[in-house]
Amino acid sequence: MTRKIINIVILLAILAVGLFGMVRSASADAVYHTERVALVPVGEAPLRSGAVVNIHANGPELYAKEVYHLNGAAADTSYQVLLLGYMGNSCSGVADLVVPTAVLLTNISGNGIASVVFTPEQMAGMNGLTVRVMWQVWNGATLDYQTGCTEVTLD
């Protein structure tokens, strides 16, 4: 019986090595690590919690992914998420780059999630830049939520 268990364990180990060997490798960004940036209400906009998760994978198909979360926002609402980029030392003044990234739809409880993927081709020519960014979430012409300013190094 013991010999049978050992053979099964060996077989499973060989299968695991074979399966992992077939998986295409991807590495995390060595310069900018995944960051969770809190979204805060602007004015009287309701919100229990919210965040932007900024992930830089530097993979062959996925350069970066941003995931947007709202919890306890306005119910059944469509929000436009904007990424604002600043080339200076702060997120003040007029943004040098404004990118509409995703539309976030909330449910009856005011919860919603959306994401956007940036490919290496979309980010071509930006390697080596360090930018300050912040995200804003708009309800039509009204700014309801935004993050603080964070520094992102693009490599």
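The values are calculated or read from the model by the stated rules, or taken from the named source; none is laboratory data. Just so it is clear, the structure is predicted and the values come from calculations on it, not from any experiment. Backbone-built Cβ (ideal geometry, glycine too); neighbour counts: all protein chains shown.
When the criteria are applied in full, L154 fails the requirement of being under 15 Å from V37 (Cβ atoms) and either surrounded by 13 or more Cβ atoms within 10 Å (Cβ to Cβ) or touching a Cys at 6+ places or on another chain (Cβ under 8 Å) (or both).
How many residues, within the range 61-96, are surrounded by fewer than 20 Cβ atoms within 10 Å (Cβ to Cβ) and within 17 Å of the chain's Cα centre (by Cα)? Spell out the reasoning first.
Quick first cut of the range 61-96, residues surrounded by fewer than 20 Cβ atoms within 10 Å (Cβ to Cβ) only: 61-62, 65, 67, 69, 71-72, 74-78, 80, 82, 85-96.
Okay, now just the ones that are also within 17 Å of the chain's Cα centre (by Cα), so 61-62, 65, 67, 69, 71, 80, 82, 85.
The total comes to 9.
Under 6 Å between Cβ atoms, at least 6 apart or on separate chains: pull out the pairs that start in the range 132-155 with a residue that is more than 14 Å from A102 (Cα to Cα) and end on any residue that is among the acidic types (D, E). Short answer, once both residue conditions are applied: R132/E151. Only residues that are touching a Ser or Thr at 6+ places or on another chain (Cβ under 8 Å), among the aliphatic types (A, V, I, L, M) and over 16 Å from L82 (Cα atoms) were counted in the range 124-151, giving 1.
Rundown of residues vs (1) under 27 Å from P46 (Cα atoms); (2) part of a strand (DSSP E or B); (3) at pLDDT 95 or above, yes/no style:
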position: K65; (1), (2), (3): yes, yes, no
position: Q80; (1), (2), (3): yes, yes, yes
position: N107; (1), (2), (3): yes, no, yes
position: M123; (1), (2), (3): no, no, no
position: M126; (1), (2), (3): no, no, no
position: V131; (1), (2), (3): no, yes, no
position: M134; (1), (2), (3): yes, yes, yes
position: W138; (1), (2), (3): yes, yes, yes
position: V152; (1), (2), (3): no, yes, no
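Taking every residue in the range 85-102 that is touching a residue at least 24 places away in the same chain (Cβ under 8 Å) and outside any strand (DSSP E or B) and pairing it with any residue that is crowded, with 18+ Cβ neighbours inside 10 Å and β-branched (V, I, T), at least 6 positions away or on another chain, the pairs with Cβ-Cβ distances below 7 Å are M87/V131.
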